[in-house]
Number of protein chains: 2
Amino acid sequence: MRHNRGDVLVRAHQLVSRYGLGALTMRRLGAELGVQPSAIYHHFANKQTLLAAVAEEILRQGSRARTCERDDWTGRLREVCSELRDAMLACTDGADVVATVWAFGMGAQAPAAELEDVLRDAGLDDGLALVGSRTLLHYVFGHAFEEQTAIQAVAAGAVERDLASLPDFWTGLDVVIDGLRARLP
Amino acid sequence: MRHNRGDVLVRAHQLVSRYGLGALTMRRLGAELGVQPSAIYHHFANKQTLLAAVAEEILRQGSRARTCERDDWTGRLREVCSELRDAMLACTDGADVVATVWAFGMGAQAPAAELEDVLRDAGLDDGLALVGSRTLLHYVFGHAFEEQTAIQAVAAGAVERDLASLPDFWTGLDVVIDGLRARLP
């Protein structure tokens, strides 16, 4: 049976979402699609390219309309960070997938670009807007990775921990935003 | 041949350091030690317990003497965060290992506890000191995960990316610290 690129991507995203990042191998994906692994390379040159497409799909499925006014820069930052966080938490190992692809420089660049735009609109120069965007992302990735790792491990019965400390995402985000505010001209 | 817990841990740390987190399986560790995997369970009840011990070993090997005065709270925060970052970067997949174990709530708690102490000494109340410590850690984990993922992938020839943006660790850390400073009474 022939599959187009979109079919392969849908199945790859399903594999990750149901079984986690470790389940995403060319071999297993081929078996799911009823094709040889080599057929997948027709659509995705390598594992990294496939992973990048899965990360973009995670972000696409989590995308939301913007509601904040253009001059409400802190609201806009929160909107982007919250959307990113929720998109990652909606897919098993989503934080790992998106943070990895972003680190590869192969995709998932939209949140970084949007945060940079907001920070430039707020008045930061290009250099600080870049570092500020990256700092926000590092915080969001770090928080989401902890939250997702903890929730998944507890759900699997692999570890026992109190999950009560996790709902501090917004407080921590405001700490970072206040540090950026202190750098406005 | 009989091995004590320390022997097993040394070999487990070596496996991760040389080949990455994916290489750490009870099966492979048993083969390295020349014992059945079941012999390892005599020292470590499960994979998570073993991973927690490896994370502690990563922190132990990276530990440094403190040099900042007690009232230099920003210097003390930088010292803890820098030590943690360097310790993780010194071991293949070290950021992943330490962040995962911390998320499990099974170890690698010392940096969090020390950051909390420093923030309390600086004047934050207990609740804010806890969130502040966690926010610093989320930032450090997020930055180190990106840096290590990028460097390892580029070194392996798996991806091509410009590594020039990575040396912004200190600027981002100071953004977070300034956000905490704004919360001092």
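The values are calculated or read from the model by the stated rules, or taken from the named source; none is laboratory data. These figures come from a predicted structure and were not determined experimentally. So basically every Cβ, Gly included, is an ideal-geometry build from the backbone, and we count neighbours across all protein chains shown.
Look at segment A:23-41: where a residue is surrounded by fewer than 17 Cβ atoms within 10 Å (Cβ to Cβ) and a partner is assigned to a loop (DSSP other than H, G, I, E, B), sitting 6+ places away or on another chain with Cβ atoms under 9 Å, you get A:34/A:1; A:34/A:3; A:35/A:1; A:35/A:2; A:35/A:3; A:37/A:25.
Quick grid of which residues meet (1) without any contact (Cβ under 8 Å) to a residue 24 or more places away in the chain; (2) touching a Cys at 6+ places or on another chain (Cβ under 8 Å); (3) surrounded by fewer than 20 Cβ atoms within 10 Å (Cβ to Cβ); (4) within 7 Å of another protein chain (Cβ to nearest Cβ):
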{"residue": "A:135", "(1), (2), (3), (4)": "no, no, no, yes"}
{"residue": "A:141", "(1), (2), (3), (4)": "no, no, no, yes"}
{"residue": "A:146", "(1), (2), (3), (4)": "yes, no, no, yes"}
{"residue": "A:161", "(1), (2), (3), (4)": "yes, no, yes, yes"}
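Looking at segment B:11-128, the helices (runs of 4 or more DSSP H) lying wholly inside it that each contain 2 or more residues that are under 18 Å from the mean Cα position of the chain (by Cα) sit at B:47-61, B:73-89, B:94-104, B:110-122.
This table checks each residue for (1) in the same structural domain as residue B:152 (by TED's automatic domain parsing); (2) acidic (Asp, Glu); (3) touching a Cys at 6+ places or on another chain (Cβ under 7 Å); (4) over 21 Å from residue B:166 (Cβ atoms).
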| position | (1), (2), (3), (4) |
| --- | --- |
| B:54 | no, no, no, yes |
| B:82 | yes, no, no, no |
| B:85 | yes, no, no, no |
| B:88 | yes, no, no, no |
| B:106 | yes, no, no, yes |
| B:119 | yes, no, no, yes |
| B:125 | yes, yes, no, yes |
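Taken together, A:105, A:172 contain a single residue that is facing chain B (nearest Cβ under 8 Å), at positive phi and of a type outside the set (D, E, K, R), which is A:105.
When segment B:6-46 is filtered for residues that are more than 14 Å from chain A (Cβ to nearest Cβ) and small (Gly, Ala, Ser), the ones remaining, listed by number, are B:6, B:12, B:17, B:30, B:31, B:34, B:38, B:39.
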